[in-house]
Amino acid sequence: MLPEAIRPLLPPSAAEATPPRDVTSRFGRRVRRVFFNAAFYGGLLGWTALFIPLSPFLWGRRVVAARAGRAAAMRHVIMQYGRVCCGLLAALVPFHAEGAAIRLPGVIGSARPPRRNVGLPPLPRLPEPCIIIPNHQSFFDPYCMGVLPITNFVFAVRSWPFRIPLYGRCMRRVGYINTEEMDAETFFAKAGALLREGVSVVIFPEGTRSASGRMGRFHSGAFRLALRENAPIVPMCIDGTGAVFPKGKAFGQPTPVRVRVLDPVDPAAFRSFGEAAHAHLRRHVKHAIQNTLSGSHSIIPHGMTSDAGRQPGAPETAVSGK
């Protein structure tokens, strides 16, 4: 393509034959987008088709080798599925996972944390059990849990995934929590029992994906649960998945993704606030996630909806999915 500076000196026919720079750049972006979608969804379907018949063998191996319970072994197998999905996305877009607790599969490559040099203090470990609190941008966010160093955890989710054939049955077998089929006390009882058994719980406090990129209001269920069970909260920042897989759109676009695990938060430090402890804990965790997203030069605009207008400790939906 000829430089723009000499285009006015050319005959009209020659100038018209030279495509504008923005046209070629748009064409290049479309080609990259088509390749990304074909590679990602093709790879996801292929891996899923392989995983389904392979999962019983992986489950049996985990039960025998690790002497794990049946449910715990299945949770481990499901997280292996998620880790490969993260590796698939990392092969197509820049995928950066940060945080001392992160342990990524070898396929992630450059996202693997560097080896610790002799003389440095030992890396902190993710507390178990714990309540993992991520923000929610995309359908891919649950797969991002595959970067965590633990596998014995369940999700608290809405009812629609439980209606998926085979998948829904598997979710019930491993102890996933359907937040729409129970009241608050039943949720606290089931989630609390899992925590006391050593099983961590992942809760998306926004309850749904963001269509605008702005963080939604955090529901209080996860934070009330943390105070009831004295379970540490692990905030998790996910940025970029909403741009890669926008809500309401069938096809994605290649965009960098960042995942960061923040330091655990001890709910006992908020008990001095009395009845308003859950509200202060909720704001603290939300501010930590929001500040991290803002400080990392977020890929899409984020904003934090205000908690103004709601008195501390006021009644609120206790389960994040409602």
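The values are calculated or read from the model by the stated rules, or taken from the named source; none is laboratory data. Fair warning: this is a prediction, and the values are worked out from it, not measured in the lab. In this analysis, Cβ positions are derived from the backbone assuming ideal geometry, glycine residues included, and neighbour counts consider all displayed protein chains.
Brief remarks on what is shown
- Residue list for region 201-234, filter: polar (S, T, N, Q) and touching a helix residue (DSSP H, G or I) at 6+ places or on another chain (Cβ under 7 Å): 210, 220, 230
- Any hit, region 233-249, residues being modelled with pLDDT of 90 or more, over 20 Å from residue 144 (Cα atoms), assigned to a helix (DSSP H, G or I) and of a type in the set (S, T, N, Q): no
- Pairs with Cβ under 8 Å, 6+ apart, first in region 41-61 and over 30 Å from residue 244 (Cα atoms) and without any contact (Cβ under 8 Å) to a residue 60 or more places away in the chain, second part of a helix (DSSP H, G or I) and among the polar types (S, T, N, Q): 58/80
- Looking across region 167-182, the residues that are in a loop (DSSP other than H, G, I, E, B) and either of a type in the set (Val, Ile, Thr) or touching a residue at least 40 places away in the same chain (Cβ under 8 Å) (or both) come down to 175, 179, 180, 182.
- Taking (1) in contact with a strand residue (DSSP E or B) (Cβ under 8 Å, 6 or more places away or on another chain); (2) of a type outside the set (Ser, Thr, Tyr); (3) modelled with pLDDT under 90 in turn, residue 105 satisfies each apart from (1).
- When region 188-223 is filtered for residues that are closer than 19 Å to residue 267 by Cα, touching a strand residue (DSSP E or B) at 6+ places or on another chain (Cβ under 9 Å) and outside any loop (DSSP other than H, G, I, E, B), the ones remaining, listed by number, are 191, 194, 195, 200, 201, 202, 203, 221, 222, 223.
- Matching residues, region 250-266, being under 28 Å from residue 37 (Cα atoms) and part of a strand (DSSP E or B): 257, 258, 259, 260, 261
- The condition of being modelled with pLDDT under 85, out of contact with any Cys (no Cβ under 8 Å at 6 or more places or on another chain) and not β-branched (Val, Ile, Thr) holds for only one of 221, 313, that being 313.
- A Cβ distance below 9 Å, combined with a sequence gap of six or more or placement on separate chains, defines the contacts here; from region 252-273, residues that are among the acidic types (Asp, Glu) reach residues that are assigned to a helix (DSSP H, G or I) in the pairs 263/288.
- Residue that is surrounded by the most Cβ atoms within 10 Å (Cβ to Cβ) [pool: residues in region 41-84 that are basic (Lys, Arg) and assigned to a helix (DSSP H, G or I)]: 75
- Qualifying residue in region 208-226 (condition: under 28 Å from residue 35 (Cα atoms), touching a residue at least 12 places away in the same chain (Cβ under 8 Å), aromatic (Phe, Trp, Tyr) and buried (at least 18 other Cβ atoms within 10 Å of the Cβ)): no
- Cross-chain or 6+ apart pairs with Cβ under 8 Å, region 27-40 first and touching a residue at least 40 places away in the same chain (Cβ under 8 Å), then in a helix (DSSP H, G or I) and of a type outside the set (Ser, Thr, Tyr): 40/88; 40/89
- Pick from region 140-166, criterion modelled with pLDDT under 90, outside any helix (DSSP H, G or I) and not β-branched (Val, Ile, Thr), ranking: nearest to residue 82 (Cα to Cα): 148
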